[in-house]
Amino acid sequence: MEQYAQTVKDFVEAHAVGFTVAFVAGGSLLALRRWMAGGVCRSKARLDGKTVLITGANTGIGKETALDLAKRGARVILACRDMTKAYLAADYIRHTSGNSNVVVKKLDLASLRSVRDLVKDIQLTEERLDILINNAGIMMCPKWKTDDGYEMQFGINHLGHFLLTNLLAEMLKKSAPSRVVIVSSSAHEKGHIHFEDINLDQDYQCDVSYRQSKLANVLFCRELASRLQGTGVMTYSLHPGVVRTELGRYMFPPMPLWKKILAMPFLMMIKSPWEGAQTSIYCAVDESLANATGLYNSDCAVKTPAPAALDDAVAKRLWVLSASMVSLV
């Protein structure tokens, strides 16, 4: 036994530098991981008797947001394109939250007709709408078009939600105090609204399109807050962080196994869907935001967006263009 202990001691002494480096590196990685995880919504607010509608809630941060709000007692409506995944998600949320008041509705944001059909359904079947979370999105896809002929990223990320929110505005007002939560991205910081070529037909680049749509989200939130001033409907946009979800499916084509293995350390550093959902939840329920509107948030805190997102003239111009594109009168 003494010989074994001496052997271990000799080994540790011989590799002291290596152990020190490994310890420091491990501590640094742990600190980095904690920093990447971001803030957590600490609010204990209950939502009993409240109704929440979340787009794209069948997967990723939308699903985690729906689960959290269901645990708070809300009636949660999952508005999704893929009904099979949506029903599976609803079953999971009911079982995990213990809340049976979780329903599924069809919504394809690439079709303005689908948006209008959902709104008619909601108006007929729901008595109130307290929280609308515009969560669904598409990222870095090829140059595709929506059913109405608009560029896909701008169409889904902005136009579909623009129409949905406007058509549900009266119900939100009747249910006030209520909230509209718009999931944007820090990608808005490099965005520009191409008014002369909104569909980017002249020079389509998927990253340029994505940034435009995310800037549109923040500008929409700002102008919506102005137009709803005094109604009791509060609006918030947010950056969820870099999250492990299906959103990046078009950025990373199928990779061989060895590349996936090499990518694992990076993937472990970025946010989980639960972590990515925290700022959406914060915007939906946190009491500190009750008397504020039009704000941009990140890591469960109010942040200042890029200067381009604070341009009221651009926000108003975008609103007029968007209303024309979706035939909103």
note = If the chain between Leu310 and His95 were fully extended at 0.36 nm per residue, the gain over the current Cα-Cα distance would be 73.2 nm
ask   = In vacuo Debye scattering of the range 78-197, one point per C-alpha: log10 I(q)/I(0) at q = 0.23 Å⁻¹?
value = -1.44
query = Can you list the HN-Hα couplings for the range 225-242, worked out from phi with the Karplus curve (6.51, -1.76, 1.60; θ = phi - 60°), rounded to whole Hz and with x for Gly and Pro?
reply = 4, 5, 6, 9, 3, x, 8, x, 9, 9, 10, 9, 10, 7, 10, x, x, 8
Local electrostatic count at Leu132 - Lys and Arg +1, Asp and Glu -1, tallied over other residues with Cβ under 14 Å = +4
ask   = Once you charge only the Cβ atoms, +1 for Lys and Arg and -1 for Asp and Glu, what is the size of the charge dipole of the range 47-325 about its Cα centre, to the nearest 20 debye?
value = 440 debye
key: For the range 111-121, Karplus couplings with θ = phi - 60° (6.51, -1.76, 1.60), whole Hz, Gly/Pro x   = 10, 5, 5, 4, 4, 5, 5, 4, 4, 4, 4
message = Amide H of Lys105 versus every other amide H placed in the peptide plane: which residues, excluding those fewer than 5 positions away on the same chain, fall under 5 Å?
response = Leu78, Ala79, Cys80
inquiry  = Output wanted: per-residue J couplings in Hz (rounded whole) for the range 82-91, from phi through Karplus 6.51 cos²θ - 1.76 cosθ + 1.60, θ = phi - 60°, x for Gly and Pro.
reply    = 8, 5, 4, 5, 5, 5, 5, 5, 4, 4
inquiry  = Below 10 angstrom from the Cβ of Thr55, what's the summed charge of the other residues (Lys, Arg +1; Asp, Glu -1)?
reply    = +2
ask   = Cα gyration tensor of the range 47-325, axes a ≥ b ≥ c as square roots of the eigenvalues: rounded (a/c below 1.5), prolate (a/b > b/c) or oblate?
value = rounded
request  = Between beta-carbons, use under 11 Å as the cut-off and find the net charge around His194, counting Lys and Arg +1, Asp and Glu -1.
outcome  = -4
inquiry  = Using 0.36 nm times the number of residues separating Lys106 and Asp48, minus their current alpha carbon distance, what extension gain do you get?
reply    = 18.5 nm
Additional length obtainable on full extension of the chain from Gln123 to Glu287, 0.36 nm per residue less Cα span = 56.3 nm
task = Name the long-range amide H neighbours of Arg179: under 5 Å, sequence gap of 5 or more, or other chain; modelled H, no Pro or chain starts.
result = Ile131, Leu132, Met234
inquiry  = Using a Förster radius of 22 Å, what is the FRET efficiency between Lys190 and Arg317 based on their Cβ-Cβ separation? Nearest 0.05, please.
reply    = 0.65
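Read-outs: derived from the displayed coordinates by stated rules, not from any lab. Bear in mind the structure is a predicted one, so any value in this text is a computation, not a measurement. A quick note on method: Cβ atoms are made from the backbone with ideal geometry, for glycine too, and the neighbour counts reach across all protein chains shown.
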